[in-house]
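Encoded as structure tokens, the structure appears first; notes follow it.
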Amino acid sequence: MKGILVVVFCWVGFTGQAQATDADSRLAASFFKEAESASQHQRIWPVKVYGPTLLVDPASRVTYSNEPDSAGLLKPDEGIYKGVLPTAVMIANTSILWQGRRWSVILWPLPAGRDDRRDLMLHESFHRIQVKLGLPERSPTADHLSSMNGRIYFLLELRALKAALGKPVDQRQSDLTSALLFRAKRQELFPNTFKNERILEMSEGLAEYTGLILGRQKDSIRPHLYQEIDSAGDRKSLIRSLAHFTGPAYGYLLYEKSPGWTLKVDSNSDFALLISRAYRFDLPKHPVSEAVAGLEGRYNGESIVRSEKLKEEIRLQMVQQYTELFTQKSVLTIELIKMGINFNPNNLFDLGEYGTVYPTAEVKDNWGKVTVSSTGVLMKDWKVITLPAPEGIRVNGRWLTGKGWELLLNEHWELVKADALHYKLVMKE
């Protein structure tokens, strides 16, 4: 699931095709040809990358496909297939299992720029094949990257990677060593959650690298990486989007040493080990505090620290506000049974022991569907969600409405009040 627009929400509207045109079908057909051509002679994965793909308009659910579906919902049109995706199918930039097949799903309209468009399509194509490659889809959060020190050492790592990218291949060891020292410092500071960085990199990071190396013209790759690294400090949240920076950066550094490096990776691979072996230097030894202390200045660490201190003041204020909203006021708590979720990975907020706040999201489960448009929903361990209801919950038939959210209950479910501050959903007897 890719980038700032990757898992952007798909609020379900009308299900007609009035806004779809023949021109859209022809445009979709040209985009399919672009992606197929870009990946036709790829050598980075042992299986075909391009395959069954759905381009879905999130408002109308009008869908363009490069292949027919088994139920015949998508009809031939302008050399491709077109129809309306059922409302039961959650849509986002991702991969889904639908009608017994694995599909890449991409929100329509696609980016206007050819490189951005092909990058996105091939990123999501990787998600469709990654399980086949032995790379499971896992999506934890690296919560330490919401903290000031976590962000500082992550941004310093990116600055060191940018410096390495700007030098000849045989002159990169010093900057790459610095990058791994900043990385090791995070591991030293946050031993409990640091492992989630590697897990994300072996899923989202490899997807982002696939889009980069197959979808972009070679002369545009380095400027694109520089631009992405320079923008990282502006991101409100890095706890799940971190691999969108490290995946393509480390991936391209490895590619310039050995283009086929991906053919040897598995779910246990680690960029730190891969890069140190490829460039032939030793991994940093713990503890790393003294080694790191003299490096910040080389990568403009003063400006990073200054900026992150200001952001930390704002973050702590938000911690206080969210903690009060979700723990001291009336809430609706819902257990997750068979959950599907769309969310934006770039605005998640870590609330420590209480869980992660998703400021906007759409969640479907056996009990129904909730759309969160503001205020946020708190999720704990992917097992339970909490919705704020400081002013109570309005009930209109099967529609429930609270502060910044609305929920459509499925039949046989109802809202009950557990105590003075807690509502919950239960099955009707």
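Listed values, structure above:
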| read-out | value |
| --- | --- |
| Gaussian network model of the chain, springs between alpha carbon atoms under 10 Å - residue of 268, 149, 342 with greatest fluctuation | 268 |
| Separation in nanometres of the label points that stand 7 Å from Cα toward Cβ, at residue 101 and residue 411 | 3.2 nm |
| The chain, dipole about Cα centre (Lys/Arg Cβ +1, Asp/Glu Cβ -1), debye to the nearest 20 | 540 debye |
| Extension gain from residue 40 to residue 267, taking 0.36 nm per residue of separation minus the Cα-Cα distance | 79.2 nm |
| Of 28, 272, 71, the one that fluctuates the most in a GNM where the chain has Cα springs shorter than 10 Å | 71 |
| Dipole axis of the chain (+1 Lys, Arg; -1 Asp, Glu on Cβ), positive-most option in 397, 423, 367 | 367 |
| Inter-label distance, nm, simple model (7 Å from Cα along the C-beta direction), residue 227/residue 383 | 4.4 nm |
| Top of 150, 233, 205 by mean-square fluctuation, Gaussian network on the chain, Cα under 10 Å | 233 |
| Computed [θ] at 222 nm, helices only, for the chain once each DSSP H run of length n ≥ 4 contributes -39500 (n - 2.57) | -11500 deg cm²/dmol |
| Linear extension gain, residue 312 paired with residue 418, 0.36 nm per residue minus alpha-carbon span | 34.5 nm |
| Over the chain, relative contact order from alpha-carbon pairs under 8 Å, at least 6 apart, % | 15 percent |
| In the range 380-429, trypsin sites (Lys or Arg not before Pro) in a DSSP loop with at most 12 other beta-carbon atoms within 10 Å | 383, 428 |
| At least 20 Å along the helix axis (C-alpha) and Kyte average at least 0.5, DSSP helices within the chain | 148-165 |
| Anisotropy class of the chain from Cα gyration tensor, a/c 1.5 cut | oblate |
| Given charges at beta-carbon only (K, R positive; D, E negative), |dipole| of the range 334-420 in Debye | 180 debye |
| Partner lysines for residue 195 [C-alpha distance under 20 Å; skip if fewer than 8 residues away on the same chain] | 185, 285, 380 |
| P(r) weight above 18 Å for the range 321-427, C-alpha pairs, percent | 42 percent |
| The range 356-403 and the range 94-136: distance between their alpha carbon centers, rounded to Å | 28 Å |
| Set of lysines near residue 48 by C-alpha distance (under 24 Å), chain-local residues within fewer than 8 positions excluded | 2, 33, 82, 132, 218, 257, 264 |
| For the range 132-224: relative contact order, % (alpha-carbon pairs under 8 angstrom, 6 or more apart) | 36 percent |
| Spin-label model distance (nm) - residue 30 vs residue 353, 7 Å beyond Cα toward Cβ | 5.8 nm |
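Bear in mind these aren't lab numbers, they're just calculated from the coordinates by the rules spelled out. In this text the structure is predicted, and so the values were computed from the model without any measurement. Glycine gets a Cβ as well: all are built from the backbone with ideal geometry, and neighbour counts include every protein chain shown.
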